[in-house]
Amino acid sequence: MEKSTVLQVQNLWKSVTSPEGELVLLRGVDLSTSSGESLAIVGASGSGKSTLLGLLAGLDQPTQGEVLIDGIDLFSLDEDGRAQLRAEKVGFVFQAFQLLPNLTALENVMLPLELAGRDDARVIAEEVMHRVGLTERLQHYPKTLSGGEQQRVAVARAFAPRPKLLFADEPTGNLDQQTGNRIIDLLFQLNADEQTTLVLVTHDPALASRCHTELELVDGLLRPLQ
């Protein structure tokens with residue numbers, strides 16, 4: 001089956017004004033990735049990885065350039081339109097988990113499904129929680145879960161709506177190596193099973209090496225990892 005292009009970036013620039021003058025963070029970034037593929041973006045601290053990720057998700061506006069998700073130009077949409085596109089096609093896994101503390105693990109996973117108006121939110125959430133090995137933790141609140149369990153809830157929440165595109169920002173940064181490895185195995189397993197395009201931002205070369213494509217952000221430009 002022919003793969004479709006899920007994320008396409010063309011000539012993406014981002015500059016900001018500082019007391020010292022104009023600071024150019026990104027200088028004409030181009031990239032493209034298709035359904036089921038995995039892409040790692042690595043770079044030193046302060047290289048602009050977080051800036052790039054925010055632009056790819058439509059959370060920030062570029063100075064110039066295009067970001068197309070499933071063929072739709074993010075920046076041709078208004079803020080509400082971008083939010084709707086993210087809800088329909090994009091999932092996120094963050095370093096800091098970003099679970100809502102007053103919701104149970106199951107309710108955290110159900111939330112994006114409920115916001116999308118899904119009547120079967122509970123059924124889907126329970127199924128995904130089972131797949132990430134947390135069937136016994138459905139009614140637990142985040143503060144009662146270990147870091148690894150919280151990240152598995154975050155992974156389940158990201159995959160539950162079956163997004164076309166999943167962004168993972170340093171997903172193992174707050175975990176010990178053994179727990180982090182299990183989370184990464186889980187991400188790649190779900191990536192393969194669901195054919196979700198996975199875009200990882202990481203400083204971990206071992207993690208990056210597991211992706212189909214490895215790119216490095218240097219001086220505002222993306223290049224193949226040396």
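The values are calculated or read from the model by the stated rules, or taken from the named source; none is laboratory data. Please read these numbers as outputs of a predicted model, since none were measured by experiment. Remember, those area values only see protein heavy atoms, side chains included, never the ligands or the DNA or RNA. Shrake-Rupley method; radii C 1.70, N 1.55, O 1.52, S 1.80 Å.
Write down the percent of antiparallel bridges among all DSSP beta bridges whose residues are both part of the chain, to the nearest 5. Walk me through the numbers on the way to the answer.
On the way: 22 of 40 bridges.
Percent antiparallel among DSSP bridges in the chain is about 55.
Residue-wise, which Karplus ³J(HN,Hα) couplings in Hz belong to the stretch 154-161, taking 6.51 cos²θ - 1.76 cosθ + 1.60, θ = phi - 60°, and x for glycine or proline?
Each residue's phi maps through the Karplus curve to give 5, 5, 4, 4, 5, 8, 3, x Hz.
In Å², and per residue, what accessible area does the chain have when probed at 1.4 Å with the other protein chains present? Working shown, then result.
Working: 11330 Å² over 226 residues.
Normalised by residue count, the accessible surface of the chain is 50 Å².
Of the accessible area of the chain, with the probe set at 1.4 angstrom, what percent is carbon plus sulfur?
Carbon and sulfur atoms account for 47 percent of the accessible area of the chain.
Enumerate the aspartates and glutamates that residue 14 could reach by cross-link, defined here as Cα to Cα under 15 Å, with residues fewer than 8 away along the same chain left out.
Answer for residue 14, where 15 Å is the Cα cut-off: 22, 30, 60, 66, 219, listed by chain and number.
What is the projected area of the convex hull of the Cα atoms of the stretch 139-226, averaged over all directions, in nm²?
With the hull built on Cα positions only, its mean projection is 6.8 nm².
Tell me the mean residue ellipticity at 222 nm calculated for the chain from its helices only (DSSP H runs of n ≥ 4, each -39500 (n - 2.57), averaged over every residue, nearest 500).
-10000 deg cm²/dmol
Tell me, how many Å apart are the Cα centres for the stretch 163-212 and for the stretch 80-132?
If we compute the Cα centre of each part, the gap is 18 Å.
Per residue, what volume in Å³ does the convex hull of the Cα atoms of the stretch 15-143 enclose?
172
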